[in-house]
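The values are calculated or read from the model by the stated rules, or taken from the named source; none is laboratory data. Quantities reported herein were computed from a predicted structural model and do not represent experimental measurements. Please note: Cβ atoms are built from the backbone with ideal geometry, for glycine as well, and neighbour counts cover all protein chains shown. Heads up: the accessible areas ignore ligands, DNA and RNA and are worked out on the full protein's heavy atoms, side chains in. Shrake-Rupley method; radii C 1.70, N 1.55, O 1.52, S 1.80 Å.
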Amino acid sequence: MAHERIPLRLVPDPQPDEPAGRGVGVLGAVEVLPGLVRSALLERTGVVRERAQARFDAGSADPRVVDEALREAAAVFAGHAPLGVGVAAAGVVDPAAGRIVEVNDAPALRGYPVADRLTELAGAPVRVEHRARVQVLGDRWFGAGRGRRSFASVATGEVLGVGILYDGQVLAPVGGRSGAHMTVTASGDVCTCGRRGCWKTVATTRWLRDRAAALGMDPRGVSPGTLLASADPAARDLVVRYAENLVLGLATVQQLFACGLFVLHGEALDGGEPFRELVETLLRADELGGGEAPTVVLGEPADTGALLGAAGLVLSGS
Ligand SMILES: [Zn+2]
């Protein structure tokens, strides 16, 4: 069983409602981010049985720090013999080789053979995909995107990116591209990619904390939720600017693909309904009109979207 390759089944729309007993076996999911590995053991219906996570030093260039975090996170699979493990990886990935090619914010992940390592740890076949692609699959199969032909799945926080489902197809080249490096300002800060003015230079947790610190706030614990709850008008202004910056990227996606629905994941969830409403209002103000007015919704509270999509990879050939 250990290294047996399961036949990949094309399941364009699995039935997450089916009784758990009908599908045999459990699925593994792993999300690899700069400094963090998350994992989950799931039923075929998308129900999460168990979760774990392990941090590693994102500044380190030593792949052994990732080995250690992966080993810790993979402990959820021990004794369960998952049918397979799907991996959602940030950065640029090579799905065919099961390898992470490059993650600007985490040098230890450069060239990291995540499929080989996880196959050893989990004793199951492993499929690796880019996180933005995987997250849109999670929303499509198990989340707010169910039943839709087009929508966008948005990662916010330390990792920024958009996955797009357009007319039933995931619009992303194999291996990567999530929009994080779209140029949104002509003379912005230098990005981790070396260029200036990328979307991620103005719409991530790092930007929010840097600006909070510049305003004399304690950047630790600064989030959309804390800023919205603050009585300080400067805090309110900052969170509005953050939402505007997020919408810079989302509006471009809406202009190009008229996705209609944007599912927010990650840090945005911390801002709850007030933040959702803020983003939706800004996005609608930017809309050309004529089509479906864009709607913004919050992803599931446990923020398992990428993990669900990764688990779905095990069942799908797409
Ligand atoms: Zn960049």
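Here are the numbers:
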{"item": "Single condition Arg236 does not satisfy, out of (1) away from the ligand (no atom under 16 Å from the Cβ); (2) buried (at least 20 other Cβ atoms within 10 Å of the Cβ)", "result": "(2)"}
{"item": "Extreme residue, farthest from the ligand (Cβ to nearest atom), among residues of the stretch 153-209 that are buried (at least 20 other Cβ atoms within 10 Å of the Cβ), among the polar types (S, T, N, Q) and part of a strand (DSSP E or B)", "result": "Ser153"}
{"item": "Test for Ala54: is it touching a helix residue (DSSP H, G or I) at 6+ places or on another chain (Cβ under 9 Å), modelled with pLDDT of 95 or more and closer than 22 Å to Leu121 by Cβ", "result": "yes"}
{"item": "Residue among Ser223, Ser230 that alone is away from the ligand (no atom under 16 Å from the Cβ), open to solvent by 40 Å² or more (accessible area, probe 1.4 Å), of a type in the set (Gly, Ala, Ser) and out of contact with any strand residue (DSSP E or B) (no Cβ under 7 Å at 6 or more places or on another chain)", "result": "Ser230"}
{"item": "Subset of the stretch 268-303 [among the β-branched types (Val, Ile, Thr) and open to solvent by 10 Å² or more (accessible area, probe 1.4 Å)]", "result": "Thr281, Thr295, Val297"}
{"item": "Leading residue by the ranking (farthest from Glu292 (Cα to Cα)) among those in the stretch 210-264 that are assigned to a helix (DSSP H, G or I) and of a type in the set (Phe, Trp, Tyr)", "result": "Tyr242"}
{"item": "Looking only at the stretch 305-318, and only at residues there that are assigned to a loop (DSSP other than H, G, I, E, B) and open to solvent by 10 Å² or more (accessible area, probe 1.4 Å), the one that is nearest to His265 (Cα to Cα)", "result": "Ser318"}
{"item": "Conditions (1) modelled with pLDDT of 85 or more; (2) surrounded by 14 or more Cβ atoms within 10 Å (Cβ to Cβ); (3) farther than 18 Å from Asp139 by Cα: number failed by Ala29", "result": "(3)"}
{"item": "Any hit, the stretch 135-145, residues being open to solvent by less than 20 Å² (accessible area, probe 1.4 Å), over 21 Å from Ala40 (Cα atoms) and either within 16 Å of the ligand (Cβ to nearest atom) or within 14 Å of the chain's Cα centre (by Cα) (or both)", "result": "no"}
{"item": "Whichever residue in the stretch 245-287 is among the hydrophobic types (A, V, I, L, M, F, W, C) and without any contact (Cβ under 8 Å) to a residue 12 or more places away in the chain and, among such residues, is nearest to Leu298 (Cα to Cα)", "result": "Ala285"}
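Here's the yes/no breakdown for (1) basic (Lys, Arg); (2) more than 30 Å from Leu42 (Cα to Cα):
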{"site": "Arg206", "(1), (2)": "yes, yes"}
{"site": "Pro219", "(1), (2)": "no, yes"}
{"site": "Ser230", "(1), (2)": "no, yes"}
{"site": "Val239", "(1), (2)": "no, yes"}
{"site": "Leu256", "(1), (2)": "no, yes"}
{"site": "Gly266", "(1), (2)": "no, no"}
{"site": "Asp270", "(1), (2)": "no, no"}
{"site": "Ala285", "(1), (2)": "no, yes"}
{"site": "Gly299", "(1), (2)": "no, no"}
